[in-house]
Structures are given as structure tokens and as C-alpha cells.
Amino acid sequence: PGGEEPGGGDAPAPEEVSIITEMLNPGVVGQNYISALQASNGTDTLSGTWSAEGLPDGLTLDAKTGVIYGTPTVAGTFEVTVCFECDGGNAEKVFSLTVTESGQPGAPSGDLPSGEFPSGDMPSGGISIGGGMSSGGMGQTQTFETYSLDKLTVASVTSQEHMTLDVTVDELDISKIRIGQSAAVTIDALAGERFSATVSQISNSGTNNGGSSKFTVELTLEKSGDMLPGMTASAFIRLDSGENLLCVPAAALGEENGEAVLYTSYDEKNAVLGSPVPVTIGAADADYVQILTGLSEGDTVYYAYYDTPESTVSFK
């Protein structure tokens, strides 16, 4: 009695919170980039909130996972200040991030894995677009060899917490797309499910194959357990919305002499649509078109549907 029990004493106190990532991956202009940050108290890897200043254009830091991702657009050496906050304390560290032009010495060949990725009905004023998905996400460890004119080896182990979807947007709509804008994604193999996504990258140059120019927009969404890289997906980005709009089915819209028209009569004997009325159209989606002028509430229009002319429901 009165003596100390064997094994007694205080447990060692955890060390001060620190960012343990040694360096950031080098990047290449126009190629997918990813680099993961980690913080520790000397015993455990910590979770908290990340922030950064000085990132090159085109790169984003995920505040929750500590993953820097995107596609750099400018070459150079950038001083990036990274901050980490958690219940156990705060930490700050300055990194040097080098981005090279493609083909320069020290530029890794091939794309680094990307990491990124929305829900709701399709209102008028949106665009529906498709593409294929690729994987990416939070890197757990990185190993690098010293810079060499002969080679640069970059290795990364990822947990694939995010997926990316590249979609094509027409030049008439690209000015309405913004970084951070919400989108909805459906995947053919996961019927009945809709996923929330965010616009994470917008191409600054388009491609033209004889028609209007097309621009690539990258969407980022959280990976669900059933998503796999390479699955076919479609996306919907809301560009505009409104209430009490005068709309007709998109299939009812015709064209005569270069003008958009709606047909207000139908000859049943000869199966011919008639009385075309020029109209001005507004917002549209895959199913309906807004009519700005040329049609009034209560008017009836006719159109051919599956080769069978039929009347639409009167506007009320």
C-alpha cells in the first residue's frame, strides 16, 4: 500500500501539428495534375481544413482532402503557401511548385492522374452533354527521384475519392459556364441514379470541325462505390431558369425560309401541317423550347410525332 503500481505514468504527449508532405509533384502545362498533402501530430495522420495561396492558374486545393488537382495553364516556378487547421492545432508550410511546358527537360511524359466531379430535374435553359469518366482522388504517398535531364520518376498511390467527366459545350453556351457551377451527372451503367458534380475546368480554346467551335469542360464529382473509370456518362448544366414560361415541345418546332415556325392548323385529309407562324425562341432543353414571341397563351399548335400528326395540349 502506498507504492506506485507497475506500469503507471502519463502517456507521452503528442507532438506539435505539422505538414509532413516533403514536396509537391511537378506539373506540365495542359496535362492533368494531382498532388496530396498530409498533416500529422507525430503519431497519427490528421484530418482538418486545408487552404493555399499562390497556386498556378488551373489548379485547385480540395479543402477537405488536401488534394491539389486540375490542369495547369501557365509554366513557371510558384511559391505556394499551404495552411492546415484542425482541433489539435494549425500548421503552415511553403512549397516550390514547378510547372514546365510540355516537351521541356524534366517534364514527365503522359498525364498525371486527375482527381475530381451533381442532381435535379432538367429545367429549361440547360444543356445535356455526354462523355466518359476517369478516376483520380486523394494521393496517399508520393516518391520522387532527384531532378535529372535523363528522367524524372513520379509515383502516386490514390484512393480514387473523386471522378472526372469531360464534356463538350458549344461556343454559343460556353460563356455561360463558370468554375464551381453545379451540374447533374447520370451514368448509363447506374440507371436511376443521378449524381451532383461541379465544373472544375474550362478549356480556353475550342476545336472546330467544320461547324461551330466546341469547348471541353471538366466536371468533378465524388466517387460512389459502383462508379468505374471508362463508364459512359451524361451531364446537365443549368444555364437559365424561370417560372410561368410559355413553352412547346421541342419536336413541334419547324423551320421555313430560315425562320423558326410553329404550325397552327392540320389538314387531316391530306395529312399536312399548315398555317406556319414565325416565332422567337428563348431557353431550351432536350424536351421543351421557350416561345418569346409569335404565340399566345391558349393557342394550339400541331406537329408530327412518330410520323403521326397530333395536337398538343392547349396553353393555359
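The values are calculated or read from the model by the stated rules, or taken from the named source; none is laboratory data. These numbers come from a predicted model, not from an experiment. We place every Cβ from the backbone using ideal geometry, glycine too, and count neighbours over all the protein chains shown.
Residues that are among the charged types (D, E, K, R), surrounded by 12 or more Cβ atoms within 10 Å (Cβ to Cβ) and at pLDDT below 65 within the stretch 265-316 comprise just one, Asp285.
Of the strands (runs of 3 or more DSSP E) entirely within the stretch 137-192, those holding at least 1 residues that are over 18 Å from Gly230 (Cβ atoms) and modelled with pLDDT of 80 or more occupy 162-170, 182-187. Within the stretch 53-70, the set of residues being crowded, with 19+ Cβ neighbours inside 10 Å and farther than 23 Å from Ser203 by Cα comprises Thr65, Gly66.
Evaluate the following for Pro12: is it outside the structural domain of Glu218 (by TED's automatic domain parsing), under 30 Å from Ser203 (Cβ atoms) and at pLDDT below 85?
Against the criterion (outside the structural domain of Glu218 (by TED's automatic domain parsing), under 30 Å from Ser203 (Cβ atoms) and at pLDDT below 85), Pro12 does not qualify.
Restricting attention to strands (runs of 3 or more DSSP E) lying wholly within the stretch 222-281, give those where 3 or more residues are more than 21 Å from Thr300 (Cα to Cα), touching a strand residue (DSSP E or B) at 6+ places or on another chain (Cβ under 6 Å) and not hydroxyl-bearing (Ser, Thr, Tyr). Qualifying strands (runs of 3 or more DSSP E): 232-238.
Within the stretch 174-218, being crowded, with 17+ Cβ neighbours inside 10 Å and farther than 26 Å from Val29 by Cβ holds for Ala184, Val185, Thr186, Ile187, Phe195.
Quickly run through the stretch 193-224 and pick out the residues that are within 22 Å of Val67 (Cβ to Cβ) and at pLDDT below 85.
Within the stretch 193-224, Lys223, Ser224 meet the criteria.
The single condition among (1) within 30 Å of Tyr266 (Cα to Cα); (2) under 11 Å from the mean Cα position of the chain (by Cα) that Cys247 does not satisfy is (2). In a residue-by-residue description of the stretch 35-49, the property of being part of a strand (DSSP E or B), modelled with pLDDT under 85 and not assigned by TED's automatic domain parsing to the domain that holds Gly180 applies to at least one position. Scanning the stretch 55-97 for residues that are among the acidic types (Asp, Glu) and part of a loop (DSSP other than H, G, I, E, B) gives Asp57, Asp62, Asp87.
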